[in-house]
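**Student:** Could you have a look at this structure, given as structure tokens, before my questions?
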Amino acid sequence: MENKYSSIIIGAGMSGLAAGIRLAQYGKRVLILEKHHVVGGLNSFYNRLGRKFDVGLHAITNFVRQGIKQSPLNRLFRQLRITRELFDLYEQNVSRILIHGESLCFTNDFSFLEQQVAEHFPQRIDAFRNLVEHIRNDNSPTDKPSFLSARRILEERLQCPRLEDMLLMPIFFYGGSQEEDIDWCTFVILFRSIFLEGLARPFEGIRRILTTLTRRFMELGGERRMRCTVDKIDIRDQKAHGVFLHDGSYMSADHIISSIGHVETMKLCDAADTVSVQPGKLSFCDAIAVLKEEPRDLGWEDTIVFFEERERIQYRQPQGLLDTCSGTICIPNNYNYGLDRKLPDGILRISHTANTDQWKALLKENFQHYSRAKKEQALAMFEKAKSLMQSIYPASRAFSPHLLDLDFFTPHTIEHFTGHINGSIYGTPHKVRSGKLPFENLYLCGTDHGYSGIIGSMMSGIAIANSHILSPSHS
């Protein structure tokens with residue numbers, strides 16, 4: 001078959017799969033190229049010792065129930081022409097923001113968070129309500145080039161450092177691409193997706209969504225090549241014509257969409273030196289602990305805990321290998337699956353910000369030292385999480401010291417499997433909100449397009465397909 005396509009998509013992550021489905025729906029010949037053997041990118045899965053593990057997934061943001069037409073989640077189902085039942089989503093129980101011993105809890109019912117703010121910050125409840133109304137009505141253009149500090153706006157409107165930090169903390173950990181602050185536009189998107197909409201999870205984890213997307217793409221006639229590395233994007237006369245693959249073959253296309261990141265894409269064009277933006281440097285260490293007990297049987301009810309032990313949140317690259325004073329604990333068991341569904345094991349997913357340079361230097365110096373540090377840090381993260389959960393629930397049942405399994409990821413792991421420079425989960429702070437790169441027919445979707453979260457990533461792929469390749473009437 002001729003190696004000429006309407007569109008080539010680099011990367012089989014959420015945004016790439018969604019873009020491929022949207023284009024294939026309209027009869028476009030689409031090819032997705034993925035360098036690894038599994039789809040998903042930053043949100044994938046693997047098997048270990050007979051158990052299934054998610055990579056990346058803590059929660060699906062933007063959850064709303066059926067009938068809210070303008071929500072990103074329901075727009076996604078309409079645009080991809082899939083039913084919401086295929087994602088098999090279940091809502092969170094309750095999540096907690098814990099800073100220096102003080103808690104603020106939230107659920108998918110926003111009025112609960114409002115009650116929490118009224119109880120813990122009674123003098124600032126009116127300011128909080130005014131802020132929320134401002135966020136609800138904010139229609140600022142998402143493609144504005146200038147950075148507007150969310151922290152500064154929160155300081156002006158709330159005048160309460162603790163409340164500011166509590167609202168920022170989930171947003172930092174679920175979408176913060178720069179240290180200590182976030183662009184107001186991104187803050188608004190994430191506030192809506194986490195607090196005004198909500199959190200959910202597929203019972204079977206991320207593979208449920210990836211299987212649904214892959215099957216839909218293939219049913220529509222889409223093509224994909226796994227274990228297929230793009231070495232170079234063919235740029236001539238300031239226009240993208242195709243891609244050179246690592247095996248020496250060449251594929252041409254009318255349009256190329258890249259989901260691998262801004263700087264990473266420009267490197268494939270031999271143009272990284274012409275780009276003024278720098279790769280993101282914020283990365284994480286992730287530990288997955290498999291427990292003998294069901295967390296709720298211990299008395300632990302929270303779905304996700306965002307915690308900071310210091311007076312003020314410190315969201316930055318740490319000096320050491322990782323920062324155990326701040327992070328997140330996700331308990332996948334504590335979504336509301338109902339009485340008849342139960343995960344086979346108890347799980348804690350623990351995340352802390354990490355220093356990419358230190359982990360890579362350790363690996364370069366001595367692989368055995370790197371492996372030993374991974375084991376030591378994984379155990380330290382688990383002990384911190386266990387201690388924290390027992391402090392939140394002092395009446396909880398005694399915890400068994402025996403773990404069934406404990407796995408661990410470093411920034412090097414992330415960089416190796418995703419190609420994201422520095423293992424940066426949320427990419428560069430300088431987003432390409434138009435999706436247009438400096439070469440004709442070359443577009444960017446995914447994290448560096450400025451869309452956050454799993455639903456946001458899929459909506460990014462759809463938006464690029466609609467806006468730049470399909471006619472405007474499809475948007």
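The values are calculated or read from the model by the stated rules, or taken from the named source; none is laboratory data. Since this is a predicted model, take the numbers as computed values, not measurements. Backbone-built Cβ (ideal geometry, glycine too); neighbour counts: all protein chains shown.
**Student:** Quick check, is ALA385 surrounded by fewer than 19 Cβ atoms within 10 Å (Cβ to Cβ), under 19 Å from PRO401 (Cα atoms) and hydrophobic (A, V, I, L, M, F, W, C)? Outline the logic, then answer.
**Tutor:** Numbers: surrounded by fewer than 19 Cβ atoms within 10 Å (Cβ to Cβ): no; under 19 Å from PRO401 (Cα atoms): yes; hydrophobic (A, V, I, L, M, F, W, C): yes.
Taking the combined requirement at face value, the residue does not satisfy it.
**Student:** Out of the residues in region 263-297 that are aliphatic (A, V, I, L, M) and at pLDDT below 90, state the one that is nearest to LEU403 (Cα to Cα).
**Tutor:** Here is the first cut: in region 263-297, the residues aliphatic (A, V, I, L, M) are 263, 266, 268, 271-272, 275, 277, 282, 287-291.
Within this subset, residues satisfying the condition of being at pLDDT below 90 are 271-272, 275, 277.
Values: ALA271: 48, ALA272: 45, VAL275: 47, VAL277: 43 Å.
Step by step, filter region 263-297, then rank; the result is VAL277.
**Student:** Among ALA378, ALA361, which is at negative phi, in contact with a Phe, Trp or Tyr (Cβ under 9 Å, 6 or more places away or on another chain) and in a helix (DSSP H, G or I)?
**Tutor:** Details: ALA361 fails: in contact with a Phe, Trp or Tyr (Cβ under 9 Å, 6 or more places away or on another chain).
The unique qualifying residue is ALA378.
**Student:** So, one more: Out of all the residues in region 277-309, which are surrounded by fewer than 20 Cβ atoms within 10 Å (Cβ to Cβ), part of a loop (DSSP other than H, G, I, E, B) and among the aliphatic types (A, V, I, L, M)?
**Tutor:** Hit for region 277-309 is VAL277, nothing else.
**Student:** Oh, and also: For region 303-349, name all the residues that are modelled with pLDDT of 95 or more, basic (Lys, Arg) and touching a helix residue (DSSP H, G or I) at 6+ places or on another chain (Cβ under 8 Å).
**Tutor:** Once the filter is applied, which keeps residues that are modelled with pLDDT of 95 or more, basic (Lys, Arg) and touching a helix residue (DSSP H, G or I) at 6+ places or on another chain (Cβ under 8 Å), region 303-349 yields ARG312, ARG349.
**Student:** Tell me the residue from VAL55, VAL39 that is surrounded by 17 or more Cβ atoms within 10 Å (Cβ to Cβ), modelled with pLDDT under 90, of a type in the set (Val, Ile, Thr) and touching a helix residue (DSSP H, G or I) at 6+ places or on another chain (Cβ under 8 Å), please. Explain how you work it out, then say what you get.
**Tutor:** Numbers: VAL39 fails: modelled with pLDDT under 90.
Exactly one of VAL55, VAL39 is surrounded by 17 or more Cβ atoms within 10 Å (Cβ to Cβ), modelled with pLDDT under 90, of a type in the set (Val, Ile, Thr) and touching a helix residue (DSSP H, G or I) at 6+ places or on another chain (Cβ under 8 Å), namely VAL55.
**Student:** Oh, and also: Tell me, yes or no, whether region 340-348 has at least one residue that is touching a strand residue (DSSP E or B) at 6+ places or on another chain (Cβ under 6 Å) and acidic (Asp, Glu).
**Tutor:** Among the residues of region 340-348, at least one is touching a strand residue (DSSP E or B) at 6+ places or on another chain (Cβ under 6 Å) and acidic (Asp, Glu), which makes the answer yes.
**Student:** Every residue in region 439-458 that is over 20 Å from GLY280 (Cβ atoms) and out of contact with any strand residue (DSSP E or B) (no Cβ under 7 Å at 6 or more places or on another chain), please.
**Tutor:** MET458
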